[in-house]
Amino acid sequence: MTDFAERAERHRGELRVHCYRMLGSFDEAEDLVQEVFLRAWRGRDGFEGRSSLRAWLYRIATNACLDFLDGRSRRTLPDQADSPAGPWLQPFPDHLWEPAAPSADDPEAAVVAKETLELAFLAAIQHLPPRQRAATILCDVLGWPVRQTAEALDGSVASVNSALQRARATLRTHLPPGRSDWAPSAPPTDEDRRILRRYMSAVERGDLIEVAELLARDVRATMPPYPEWFADRDSVLAALTASWDAGSPDYIGTLRMLPAGANGQLAAATYRCPPGGHAYEPFGIGVLRVRDGRIAEIVAFHEPALFPSFNLPPGLDR
């Protein structure tokens with residue numbers, strides 16, 4: 001029994017990623033992984049080794065997610081929302097999804113390195129019905145054969161092929177321009193990271209001129225859980241002008257920023273010292289996308305409760 005638990009535990013990280021991709025929520029993925037291990041422990045006597053332990057655990061995880069999603073609203077970002085009340089996507093800490101090196105006894109681990117958690121893909125796949133979402137993740141992300149996917153979903157090969165065809169057509173309408181498949185985008189370059197450092201410094205100084213130079217003209221900015229979103233540089237700058245002006249009723253105080261790792265993208269954590277405050281408190285985790293040397297998208301998740309999961313300090317001194 002101890003050996004079974006230890007072998008299963010090796011897959012916790014990738015199962016967390018799998019549940020996150022299915023659900024779009026880090027918090028819910030954490031809870032579902034616990035449910036997966038509970039189901040696996042209860043059903044361990046029925047595991048006969050006809051598939052790998054990893055594949056068996058993925059099957060349990062996929063069906064646990066499908067059960068959880070039954071009747072629930074999909075998660076997305078405010079600029080793609082069906083309702084101004086959400087629910088919204090959450091970011092995922094990079095340090096919890098770095099793939100382990102494949103070994104002789106677990107060659108399937110190499111597949112995990114090909115996965116992507118880019119927010120654009122997470123938002124796009126949430127538009128799929130749960131079973132189409134599951135089929136797409138298992139086949140197009142993890143690289144499972146259609147027959148193996150059909151067995152995991154208790155369906156037929158024909159039903160999975162049909163689900164994949166419909167899902168791929170839907171995804172093409174929701175992915176960013178020029179992206180029609182699940183190929184991971186290139187990791188941030190040194191130049192991208194230089195732009196992030198400039199952005200962080202400008203935000204800390206409240207330098208609107210510098211921020212304007214860094215933003216693309218058609219930049220999109222959202223801040224879940226707030227439903228408002230901004231579709232161009234002028235509207236983003238107008239919002240910042242109000243929130244950074246000490247004489248404005250919308251003034252939020254002074255800001256500090258630290259680099260963060262989220263969804264394999266550029267990211268920074270923001271700390272806020274409110275007017276009259278004496279320390280900087282967690283405020284949000286911003287995930288950025290750079291295009292042609294300019295910031296093309298900012299998703300600033302107002303999720304202070306997630307800071308510990310990102311290994312971020314609980315506060316900063318003035």
If the Cβ limit is 9 Å and pairs must be 6+ apart or interchain, which residue in region 32-46 that is in contact (Cβ under 8 Å) with a residue 40 or more places away in the chain pairs with which residue that is surrounded by fewer than 11 Cβ atoms within 10 Å (Cβ to Cβ) and not in a helix (DSSP H, G or I)?
Arg44/Met1
Taking region 70-109 and keeping only residues that are charged (D, E, K, R) and either more than 25 Å from Asp218 (Cβ to Cβ) or at pLDDT 80 or above (or both), one is left with Asp70, Arg72, Arg74, Arg75, Asp79, Asp94, Glu98, Asp105, Asp106, Glu108
Going by the conditions given, is Val287 modelled with pLDDT of 95 or more, part of a strand (DSSP E or B) and surrounded by 15 or more Cβ atoms within 10 Å (Cβ to Cβ)?
yes
Per the list (1) more than 19 Å from Phe301 (Cα to Cα); (2) loosely packed, with under 13 Cβ neighbours inside 10 Å; (3) not aromatic (Phe, Trp, Tyr), residue check on Asp250 breaks on (1)
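With the structure loaded, tell me whether Phe307 is assigned to a strand (DSSP E or B) and either more than 23 Å from Leu122 (Cβ to Cβ) or in the same structural domain as Val211 (by TED's automatic domain parsing) (or both) or whether it fails that test. Lay out the reasoning, then the answer.
Details: assigned to a strand (DSSP E or B): no; either more than 23 Å from Leu122 (Cβ to Cβ) or in the same structural domain as Val211 (by TED's automatic domain parsing) (or both): yes.
In short, no.
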Looking at region 11-20, is at least one residue buried (at least 20 other Cβ atoms within 10 Å of the Cβ) and more than 30 Å from Pro224 (Cα to Cα)?
yes
State which residue pairs qualify: first residue touching a residue at least 60 places away in the same chain (Cβ under 8 Å) and over 22 Å from Leu288 (Cα atoms) and inside region 119-141, second residue of a type in the set (Gly, Ala, Ser) and crowded, with 21+ Cβ neighbours inside 10 Å in any location, beta carbons under 9 Å apart, and separation of 6 or more residues or different chains.
Arg131/Ala163; Arg133/Ala167; Ala134/Ala152; Ala134/Ala163; Leu138/Ala152
Enumeration of residues in region 1-55 that are of a type in the set (Lys, Arg) and within 27 Å of Phe121 (Cα to Cα)
Arg10, Arg12, Arg16, Arg21, Arg54
Collect the residues in region 66-80 that are within 16 Å of the chain's Cα centre (by Cα) and either among the hydrophobic types (A, V, I, L, M, F, W, C) or not assigned by TED's automatic domain parsing to the domain that holds Cys139 (or both), keeping them in residue-number order.
Leu77
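The values are calculated or read from the model by the stated rules, or taken from the named source; none is laboratory data. Here the structure is a predicted model, which means the values were calculated and not measured. No Cβ is skipped: glycine too gets one built from the backbone with ideal geometry, and neighbour counts run over all protein chains shown.
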